[in-house]
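Enquirer: Got a structure here, written out as C-alpha cells. Questions coming.
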C-alpha cells in the first residue's frame, strides 16, 4: 500500500485550539500540510496560528461551534473557497462528563452527544463532497469508551460508541470512493477535556478523575495518529491500556467490567460525597 503523503494537503481540524487538536495541527503542519483550524476559542486559535506561521505553515482559523450544522457547512465552504478542497478532516472536538446517570440531568447527556457525536456528523457531512473528490481521509477521535463500558460516563461512552457505529458504516459506504476512515482510541491523555468535564448538573465536575496506566502527552498521540493515517490504518488503539481494554472487553467482558468498576468506584464515591 502506498504511504499517504501530507505535503500540500488541506487538513481541517476541529477542537484545534488546545490539547490534542493543537498538537495535531502542529504535526500536520510540520509534515507540509495546510491547516484549517476550527474552534470556539478565539484566543487559542490566535496563538495556534502564530505558532503554525512560525513553522512556515499556511493556516486558516475559523470560530466554529460544531453543534451548529449550518456553521460547520459554512466553515467547510470557506476552506473550499480558499484552497479548492479538503483532503483530510479530523473530528477532534469533544467534551466529557463525570457523573452517575442517577445524578445526571438529561440536558448534560444531550450536550455531550451534540458535541461528540453530532459535531462529527455535521463536519463530515459538510466536507464529504470534497473528501470524495480528493479520495481523502476522515480521522475521528474516539476513546476506549467507544468500545467498552465506563461507569460514571454513560453519556460520554454513548457518544463514543455512536461514533464507531457511524464511521465504521461510513468506511464501508465510501470504500469504492477511496475515502479512508480512521478511528482513534486513546486511553488517558493529559489534556483539558477531563479537567473541564461536566458534572451531573452541567457545571464543571468538582471531583477528581481516576486514571489507569500512564497518561500520554498530546504530542505522543498526534505523532501516532499521523503514522496510522500515513499507513492507511482503520483503527488506532493508542497505549497498552487501550489495547488490553480492547481484547479484555471482547474476550472476557464480565471480567473487564469488574476490573473497570473496581478501578473507578472511588471516583463514584468521591462524586457522591462531593454532591456533583
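Enquirer: Go through segment 137-179 and give me each residue that's touching a residue at least 60 places away in the same chain (Cβ under 8 Å) and over 20 Å from residue 246 (Cβ atoms).
Expert: Of everything in segment 137-179, those that are touching a residue at least 60 places away in the same chain (Cβ under 8 Å) and over 20 Å from residue 246 (Cβ atoms) turn out to be 137, 152.
Enquirer: Is it true that residue 25 is buried (at least 16 other Cβ atoms within 10 Å of the Cβ) and assigned to a loop (DSSP other than H, G, I, E, B)?
Expert: Here the answer is no, as residue 25 does not meet what is asked.
Enquirer: Taking residue 75, is it buried (at least 19 other Cβ atoms within 10 Å of the Cβ) and within 24 Å of residue 113 (Cβ to Cβ)?
Expert: On the way: buried (at least 19 other Cβ atoms within 10 Å of the Cβ): yes; within 24 Å of residue 113 (Cβ to Cβ): yes.
Judged against the criteria, residue 75 is a match.
Enquirer: Continuing with the same structure: So residue 10 fits all but one of (1) surrounded by fewer than 22 Cβ atoms within 10 Å (Cβ to Cβ); (2) more than 17 Å from the chain's Cα centre (by Cα); (3) at pLDDT 95 or above; what number is the exception?
Expert: Residue 10 satisfies all of (1) surrounded by fewer than 22 Cβ atoms within 10 Å (Cβ to Cβ); (2) more than 17 Å from the chain's Cα centre (by Cα); (3) at pLDDT 95 or above except (1).
Enquirer: Taking residue 152 and the conditions (1) in a helix (DSSP H, G or I); (2) buried (at least 21 other Cβ atoms within 10 Å of the Cβ), which numbered condition does it fall short on, given that it satisfies the others?
Expert: (1)
Enquirer: If you don't mind, another one. Just to verify a result, which residue in segment 225-236, among those that are in contact (Cβ under 8 Å) with a residue 24 or more places away in the chain and in a helix (DSSP H, G or I), is surrounded by the most Cβ atoms within 10 Å (Cβ to Cβ)?
Expert: Of everything passing the filter in segment 225-236, 225 is surrounded by the most Cβ atoms within 10 Å (Cβ to Cβ).
Enquirer: Among 115, 108, which is at negative phi, touching a residue at least 40 places away in the same chain (Cβ under 8 Å) and either in a strand (DSSP E or B) or in contact with a strand residue (DSSP E or B) (Cβ under 7 Å, 6 or more places away or on another chain) (or both)? It would help to see each step written out before you state the result.
Expert: Working: 115 fails: either in a strand (DSSP E or B) or in contact with a strand residue (DSSP E or B) (Cβ under 7 Å, 6 or more places away or on another chain) (or both).
It is 108.
Enquirer: Condition (residue is modelled with pLDDT of 95 or more, in contact with a strand residue (DSSP E or B) (Cβ under 7 Å, 6 or more places away or on another chain) and not in a helix (DSSP H, G or I)) applied to segment 237-254: is it met by at least one residue?
Expert: yes
Enquirer: Does segment 129-136 contain at least one residue that is under 18 Å from the mean Cα position of the chain (by Cα) and either assigned to a helix (DSSP H, G or I) or within 21 Å of residue 68 (Cβ to Cβ) (or both)?
Expert: The answer is no; no qualifying residue exists.
Enquirer: Considering only segment 32-63, state which residues are surrounded by 15 or more Cβ atoms within 10 Å (Cβ to Cβ), in a helix (DSSP H, G or I) and touching a strand residue (DSSP E or B) at 6+ places or on another chain (Cβ under 7 Å).
Expert: Those that are surrounded by 15 or more Cβ atoms within 10 Å (Cβ to Cβ), in a helix (DSSP H, G or I) and touching a strand residue (DSSP E or B) at 6+ places or on another chain (Cβ under 7 Å): 45, 48, 49, 52.
Enquirer: Of everything in segment 175-199, what is farther than 21 Å from residue 144 by Cβ and either modelled with pLDDT under 90 or surrounded by fewer than 19 Cβ atoms within 10 Å (Cβ to Cβ) (or both)? Give them in sequence order.
Expert: Passing the criteria: 175, 176, 177, 178, 199.
Enquirer: Let me ask you something else. Within segment 78-94, can you find the residues that are touching a residue at least 60 places away in the same chain (Cβ under 8 Å), at negative phi and surrounded by fewer than 20 Cβ atoms within 10 Å (Cβ to Cβ)?
Expert: The answer is 83, and nothing else.
The values are calculated or read from the model by the stated rules, or taken from the named source; none is laboratory data. Quick caveat, the model's predicted, so the values are computed rather than measured. Glycine gets a Cβ as well: all are built from the backbone with ideal geometry, and neighbour counts include every protein chain shown.
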